[in-house]
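The values are calculated or read from the model by the stated rules, or taken from the named source; none is laboratory data. Quick caveat, the model's predicted, so the values are computed rather than measured. Backbone-built Cβ (ideal geometry, glycine too); neighbour counts: all protein chains shown. The accessibility values were calculated without ligands, DNA or RNA, using every heavy atom of the protein model including side chains. Shrake-Rupley method; radii C 1.70, N 1.55, O 1.52, S 1.80 Å.
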Amino acid sequence: MDIKNKVAVITGGAIGIGYEIADRFLHKGACVVILLDINEKHGDAAVKKLTSKHGNNRAVFYKCNVTTDLEAVWMNVVKKYPSIDILVNNAGILNDKLAKKTIDINVTALIEWSLKYWEHSRTDKSGKGGTIINLASIYGYRVDQFLPVYQASKFAVMGFTKSLGHAYNFKRSGVRVMAICPGFTHTNLVEEVHTFDEVIKKDVKAFLKDQLWQNVDSVGNAVVDVVEKAASGTAWLIEGGKPIKEV
């Protein structure tokens, strides 16, 4: 897919990886990026920065809790932008003390937004096709002992992506579904890691120090690569700022 002149919706788009994806899409010539985020202050600031850099009306913001606002926000978005080319499910949480909230945001909301977009865009029901990018993680296929709840949520994202994105579903819908699996990335999510067990905090800090880290621009560029080149049902690792590879 050529990103030029495309319309993209990005959940959790106001800061961090979501904002970086929006910036990269606009740099590649996207018509408009639609940022959905629960934080209004960050959303307004993101639009101001992006429009200053890329031009007026290139970025818009809708305040949105992805777990509760799907129907209302979706109706408002498609009323103004009936043809959405890309959905990026980026909103997420990393807090193993909040198991239900983790599943609600990282799994249930991602599934519901994906299916809403898939139904809207499917070519066998008068849609024009499109692309869904789901933010998984290296924890969508790797396991360690520290974050069982978060890892469970990201394994679910991988399973959903590969099933909905299966060649059978792509052939009949024209909607590609792919996952991006970032390694350890400097974002607000990892400023303080909430583990399921307080006893292991020291061990987690030592573990994190030894990992291969990257900045959000690496993930933004990786998402562009996946949108432009990847086949439906695939998942791609971006780790340590190195080139993406399929997993």
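Against the numbered list (1) under 30 Å from Glu198 (Cβ atoms); (2) surrounded by 18 or more Cβ atoms within 10 Å (Cβ to Cβ), Tyr117 comes up short only at (1).
Can you spot a residue in segment 195-214 that is surrounded by fewer than 17 Cβ atoms within 10 Å (Cβ to Cβ), at pLDDT 95 or above and not hydroxyl-bearing (Ser, Thr, Tyr)? So far as segment 195-214 goes, no, none of its residues is surrounded by fewer than 17 Cβ atoms within 10 Å (Cβ to Cβ), at pLDDT 95 or above and not hydroxyl-bearing (Ser, Thr, Tyr).
Within segment 79-101, the set of residues being assigned to a loop (DSSP other than H, G, I, E, B) and either in contact (Cβ under 8 Å) with a residue 24 or more places away in the chain or touching a His at 6+ places or on another chain (Cβ under 6 Å) (or both) comprises Tyr81, Ser83, Ile84, Asp85, Asn90, Ala91, Gly92, Ile93, Leu94, Asp96, Lys97, Leu98. Across segment 177-214, the qualifying residues are those that are in contact with a Ser or Thr (Cβ under 8 Å, 6 or more places away or on another chain) and in contact (Cβ under 8 Å) with a residue 60 or more places away in the chain, and the one among them that is nearest to Glu246 (Cα to Cα) is Cys181. Residues in segment 205-239 that are under 15 Å from Val190 (Cβ atoms), of a type outside the set (Phe, Trp, Tyr) and not in a helix (DSSP H, G or I): Asp210, Gln211, Leu212, Gln214, Asn215, Glu239. So, Asp104, is that one assigned to a helix (DSSP H, G or I), of a type in the set (Asp, Glu) and open to solvent by 60 Å² or more (accessible area, probe 1.4 Å) or not? Considered against the rule, which asks whether it is assigned to a helix (DSSP H, G or I), of a type in the set (Asp, Glu) and open to solvent by 60 Å² or more (accessible area, probe 1.4 Å), Asp104 comes out as no.
Scanning segment 158-183 for residues that are open to solvent by less than 20 Å² (accessible area, probe 1.4 Å) and either part of a strand (DSSP E or B) or touching a Cys at 6+ places or on another chain (Cβ under 9 Å) (or both) returns Met158, Val175, Val177, Met178, Ala179, Ile180, Cys181, Pro182. I'd like the residue in segment 116-145 that is touching a residue at least 40 places away in the same chain (Cβ under 8 Å) and of a type in the set (A, V, I, L, M) and, out of all such residues, is farthest from Ile34 (Cα to Cα). So the residue we want is Ile138. Filtered by the rule that a residue be in contact with a strand residue (DSSP E or B) (Cβ under 9 Å, 6 or more places away or on another chain) and either of a type in the set (D, E, K, R) or open to solvent by 20 Å² or more (accessible area, probe 1.4 Å) (or both), segment 143-157 gives Val149, Tyr150, Lys154.
Any residue in segment 17-35 that's at positive phi: show its pairings with residues that are outside any helix (DSSP H, G or I) at Cβ separation under 9 Å, as long as the two are six or more apart or on different chains. Taking only residues 6 or more apart or on different chains, the pairs are Gly29/Asp2; Gly29/Ile3; Gly29/Lys4; Gly29/Asn5; Gly29/Lys6. The criterion of at least 2 residues that are under 23 Å from Val177 (Cα atoms), of a type outside the set (Asp, Glu) and open to solvent by less than 20 Å² (accessible area, probe 1.4 Å) is met, among strands (runs of 3 or more DSSP E) falling completely within segment 1-69, by 7-11, 32-37. The one condition from (1) of a type outside the set (S, T, N, Q); (2) surrounded by fewer than 22 Cβ atoms within 10 Å (Cβ to Cβ); (3) within 15 Å of the chain's Cα centre (by Cα) that Trp74 does not meet is (3).
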